[in-house]
Structures are given as C-alpha cells and as structure tokens.
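Input: one structure, supplied below.
The values are calculated or read from the model by the stated rules, or taken from the named source; none is laboratory data. Quick caveat, the model's predicted, so the values are computed rather than measured. In this analysis, Cβ positions are derived from the backbone assuming ideal geometry, glycine residues included, and neighbour counts consider all displayed protein chains. Protein only, heavy atoms only, side chains kept; ligands, DNA and RNA dropped before computing areas. Shrake-Rupley method; radii C 1.70, N 1.55, O 1.52, S 1.80 Å.
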Amino acid sequence: KNTRAIVADLAVAQKGLIDGSFRALIGGGTYATSALRMKGHVHNTRRVVGFLESDLCSDKGAVAWVTYPELIDHPDHRLAAALLPHGAGAVVSFGIKGGRAAGKRFIESLTLFSHLANVGDAKSLVIHPASTTHAQLDTAALAASGVGEDMIRLSIGLENADDLIDDLRQALRAAAKA
C-alpha cells in the first residue's frame, strides 16, 4: 500500500478512539489538577486513619487493626516516607471486630461511601473483600490470600473529612451490634 492508503486505513481504524477537543480539554484539566486533588485525598486519609486508630485504642472500639504506609508500624513505612514525601495516597485497610458478619453490616450501614471495588475516585469507596470479591473463599483460603474475614478497604475521596468520619463512626456502631 502507498502512504495515502495507509493513512486512510488508520483514519478509519481510529474512528471513535480519538477524543474530541472538548473531551481532551476536560481530560487535560483533570491531569492539571491532580496534585491539588491528591493533597485533599491525603489530608482526608490522614484524618480517617487518625479516627480509626483512636477507635482501635478504645476499650469499646470496633476496629481490630489499621494499616496505612504512613503508620510507623507499617512494614513499608520507611520506604513510603522516602518515596512518597507528600503522602502515601488514599487507600487504607482496617480490620473490623466480628468478622464477615460485622463487615457486611458495616458496609450496609454506610451512607456516604460507595460500595465499589475501585480505588482513586473523587468519591469515597469501600469494600469488604470477604463478602464480595473473595466471598467464594473459606477462612483458610482467605488467610492464605492475605485477606482476613475482618478486612475493610477504604479509598478516601474528597468529601468533607468530618462527614466521612461521622459515617464511619455510625457504621462501626451498627456493625458492633451485628
């Protein structure tokens, strides 16, 4: 084929694959604001982690453990501090006392978090792997995969941190009653 034929073939093949100018503008704007948005994600995540740790230390708390790379007892804390000086992102995991039943009740009680397996959204997301993505596994298989029955994963968004904490607090209370 000559060059003109190849270019024509490419043009046909790419129909629908190239964004229009408006979509390119919106996408470029999203990228341009990512540093600002990440500051909000990290700020909110630090606030949520602080709340979860305070519940962990409470005699009546529903939190069994918390893991986040900025915590000193995290196995990758030093690495995260060196490589991520502006914050370790917006994903935090914690254990909820009461296992699968409490995890399921916790998820059902949240009103602000969306129950999705995604991460990195502007909206806060939550998943309880033992009752969703890993539901087919028994306790031993869950443990072997590094997912406990008590594990909850949060992807913290850009909502008001106090609202997120209030939602977590009421859901933890509801789960404790399960």
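Of Lys60/Lys177; Lys60/Lys97; Lys104/Lys177; Lys97/Lys123, which sit over 20 Å apart, Cα to Cα? The partial results should precede the final answer.
On the way: Lys60/Lys177 12 Å; Lys60/Lys97 11 Å; Lys104/Lys177 12 Å; Lys97/Lys123 26 Å.
In this structure, Lys97/Lys123 exceed 20 Å between Cα atoms.
Return the carbon/sulfur percentage of the accessible area of the range 33-133, one whole number, probe 1.4 Å, all protein chains in place.
The value for the range 33-133 is 58 percent carbon and sulfur by accessible area.
Taking 30 Å as R0, compute the FRET efficiency from the Cβ-Cβ separation of Asn160 and Ala135 and round it to 0.05. Show your work: numbers first, answer last.
Values: r = 32 Å, r/R0 = 1.07.
The pair Asn160/Ala135 has a calculated efficiency of 0.40.
Still on this model: Fully extended, how many nm does the chain gain between Lys60 and Asp76 (0.36 nm per residue separation, minus their Cα-Cα distance)? List each step's numbers first, then the result.
On the way: separation 16, 0.36 × 16 = 5.76 nm, distance 2.91 nm.
Stretched fully, the Lys60-Asp76 segment lengthens by 2.8 nm.
If packing is taken as the average count of other Cβ atoms within 10 Å, what order do 122-135, 49-62 fall into, highest mean first? It would help to have the intermediate numbers written out before the result.
Working: 122-135: 18.4, 49-62: 15.4.
Going by the mean number of other Cβ atoms within 10 Å, highest first, we get 122-135, 49-62.
Given the peptides 89-99, 106-116, arrange them by the average over their residues of other C-beta atoms within 10 Å, most packed first.
Order by mean packing, descending: 89-99, 106-116.
Also: Note down, for the range 71-138, the three equivalent ellipsoid semi-axes (square root of 5 times each alpha carbon gyration tensor eigenvalue), biggest first, whole angstrom. Please list the in-between numbers first.
Details: eigenvalues 135, 50, 24 Å².
Its equivalent ellipsoid spans semi-axes of 26, 16, 11 Å.
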